[in-house]
1. When DSSP beta bridges are limited to those with both residues in the chain, what percentage is antiparallel, rounded to the nearest 5?
2. Just in the range 47-131: which chymotrypsin sites (Phe, Trp or Tyr not before Pro) are loop by DSSP and have at most 16 other Cβ atoms within 10 Å?
3. What does the helix-only formula give at 222 nm for the chain: each DSSP H stretch with n ≥ 4 adding -39500 (n - 2.57), the total divided by the residues, and the result rounded to the nearest 500 deg cm²/dmol?
4. Calculate, axis by axis, the spread of Cα positions in the chain along the three principal axes, and write the results as whole Å, longest axis first.
5. Bins of 5 Å, beginning at zero and ending with the bin holding the largest distance: percent of Cα pairs per bin for the range 46-86, please.
6. By how many degrees, between 0 and 90 and to the nearest 10, does the Cα long axis of helix 3-14 differ from the longest principal axis of the chain?
7. In the range 1-94, what trypsin sites (Lys or Arg not before Pro) fall in a loop by DSSP, with at most 16 other Cβ atoms inside 10 Å?
8. Quick check: Cα centre of the range 96-121 to Cα centre of the range 1-75, how many Å?
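Rule-based calculations on the coordinates, nothing more; no lab input. Since the model is a prediction, treat every value here as computed from it, not as a measurement. So basically every Cβ, Gly included, is an ideal-geometry build from the backbone, and we count neighbours across all protein chains shown.
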Amino acid sequence: MSSDLRQPAASVRERAYAPYSKFKVGAAIRGASGAIYTGCNVENAAYPEGTCAEAGAIAAMVAAGETALIEAYVIAGSAVPVPPCGGCRQKLAEFGKGDVPVTLATTAGTEQHTTLAELLPGAFDAAFLEG
């Protein structure tokens, strides 16, 4: 299934705004409806104010009215596949179950397949907020 997420993720990666790090990342997620949402990293001169690709794709999904993802694909121009940062792992876990497949890829074509639970074991979720 992830093969049809590669092109949207790769295309949006090209539009990433990364003038400082030059490290462009693209992400594509599939909502429960089957729709595909994309996001790219957007840097800021005030480094902590940037936005990750995964967060952008999630925001696009939520803006479209969906709140569940069933697959994710992340691509970067690196030598090896790059996993989402800790914050994005938590963001993905907010909208996807542990068995959601996640493909980590390079622009050269290398892919690594994992799941949300493997990326973030012991994820914090709404159950912890219940008294």
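1. Values: 18 of 24 bridges.
Of the beta bridges lying entirely in the chain, close to 75 percent run antiparallel.
2. Values: sites: Tyr73, Phe95, Phe124, Phe128; in loops: Phe124.
Filter output for the range 47-131: Phe124.
3. Numbers: 4 runs with 37 residues, N = 131.
-8000 deg cm²/dmol, from helical runs alone.
4. That works out to 45, 36, 28 Å along the principal axes.
5. 5, 18, 25, 23, 18, 9, 3, 0
6. So the inclination is approximately 50 degrees.
7. Numbers: sites: Arg6, Arg13, Arg15, Lys22, Lys24, Arg30, Arg89, Lys91; in loops: Arg15, Lys22, Lys24.
Sites meeting the loop and neighbour criteria: Arg15, Lys22.
8. Centre-to-centre distance over Cα atoms comes out at 14 Å.
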